[in-house]
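Reading through the structure tokens given below for one structure.
Every read-out reported here was derived from the displayed coordinates using simple, explicitly stated rules and does not represent laboratory data. All of these numbers come straight from a predicted model, not from anything done at the bench. Neighbour counts are summed over all protein chains in view; Cβ atoms, including those assigned to glycine, are modelled from backbone coordinates with ideal geometry.
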Amino acid sequence: MHIADGILAVEIVLVADAASIGALYLFGKKIDTDDIPKMGLMAAALFVASLVYFPVAGTSMHLGLYGLAGILLGWLSFPVVFLALLFQSLLFQHGGLLSTGINALNMGAGALLAYGVWSLKGLPEWLRAFTGGFLGIFFAAILMAGEFHLSGYGKGFFYVLAGYAVVAAIEGGLTVFIIGFLRKVKPAILNN
Amino acid sequence: MKKYAVLIVVFVLGTASILSAHGLVMDVRQESPFVVVQPKYSEGQPAGGASVVVRFEGEETPYQAGACDVRGLFVFSPDKPGEWTLVADDGRGHRQQTVVTIDLSFFETPAAPESIPDEADVITREIPFVPLWMKVGLGLAVIFGLTGLFYGFKSNRDKKPGGS
């Protein structure tokens, strides 16, 4: 899920870095003081979640919680995803440091899509939570596999994508559980 | 403020070269006349099927290229002393590069092993030099510290007349 340095062309990586910094600036302007503790907690959760591994389809995959971040933080999930990825890169060597921008764009897009799904009215809450959690990581995986495919890297679009559906399903279930728990103990934290 | 910006840039650039390994770690054992390589994911699962490219220092053309077996093992036999660069890649975005130094004593070992060492014989070379729990603690401390700093900064700015 985390793209390492040296896989995509340097030009693409640098453009993505610039774009993600621009997005950080735009989304950063939306931050209210009251949002900051929630953002810090979510960044810590995302940072640690990547240490929960699953051996799937001959490779190693881990939780991301990008969908949950999108549901709980909305637009503010992007800076949180960026921060978590930065520290995962620096401390766990998950993804390249220069590739933090492209990773943040992929996973941030997943988080924002989850926010979009969560905002849909008329659907049962558990379904919105599951779909948001599922797409949060699976959409990021689709973007990553597409980038690999366009760059001529890897063993094929579907080979790269294989296994992420399993992790996405696990994340969907986990998101339903967490949202259900939050609905009971602290419903005010949910946006709607 | 500029002072902190410079410090951050220096920190990032300074750590970029030593922290450019990702997701995979590489176990390497010299077992003359072979070098046994085993790329593993961060939590220890062998990266079976991962490709490995071996180059001698300064040479563009690979000395050997191939794929790990199902146990994640890859073996090559260097033909001269020097620095050998190994790049392992699982084709899913995980990549690791490491340099193995082969000295003359490697070639002076008289007896070749009768068989390629088994997975159990491969000695794990600990690439991470900081324990994981310490990295987790450090990361959480910095994240919460930044959260507190940012919260204080925003609170103070909000209190000022005309602050947003």
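Relative contact order for chain A: 25 percent, from Cα pairs under 8 Å spaced at least 6 residues apart, divided by residue count.
Going by neighbour counts of Cβ atoms within 10 Å, the residues B:Ser42, B:Ser155 line up, fewest first, as B:Ser155, B:Ser42.
Against chain A, whose longest principal axis is taken from its Cα atoms, helix A:35-49 shows a tilt of about 50°. Between the residues A:Phe177, B:Pro39, B:Thr61, the greatest Cα displacement towards the positive end of the dipole of the protein assembly as shown, with unit charges on the Cβ of Lys, Arg, Asp and Glu, is found for A:Phe177.
Counting, for every residue in B:91-102, the Cβ atoms of other protein chains within 10 Å of its Cβ and taking the mean gives 6. In plain terms, the residue of A:Glu171, B:Glu83 with the fewest other Cβ atoms within 10 Å comes first and the most crowded comes last, giving B:Glu83, A:Glu171. Between A:Thr33, A:Thr59, A:Thr100, the residue with the greatest mean-square fluctuation in the GNM of chain A (Cα pairs under 10 Å linked by springs) is A:Thr33. Packing here is the average count of other Cβ atoms within 10 Å per residue, and on that basis the peptides A:90-98, A:14-22, highest first, run A:90-98, A:14-22. Per residue of A:44-50, other chain Cβ atoms within 10 Å of the residue Cβ number 3 on average.
Which shape class, rounded, prolate or oblate, goes with segment A:18-64 when its Cα gyration tensor gives a ≥ b ≥ c as root eigenvalues, a/c under 1.5 marks rounded, and past that a/b bigger than b/c marks prolate? Oblate shape, in that a/c is at least 1.5 and b/c is the bigger or equal ratio.
Residue by residue, segment A:95-106 carries 3J(HN,Hα) couplings of x, x, 5, 5, 8, 4, x, 5, 5, 5, 5, 4 Hz when phi is fed to the Karplus relation 6.51 cos²θ - 1.76 cosθ + 1.60 (θ = phi - 60°); x denotes Gly or Pro.
Remark: mean inter-chain Cβ contacts per residue of A:77-90 equal 3, using a 10 Å Cβ-Cβ cutoff to other protein chain atoms. Remark: C-alpha extents of the protein assembly as shown on the principal axes read 79, 49, 36 Å, sorted largest to smallest.
Calculated from the alpha-carbon coordinates, segment A:10-189 shows an Rg and a Dmax of 15.7, 48 Å respectively.
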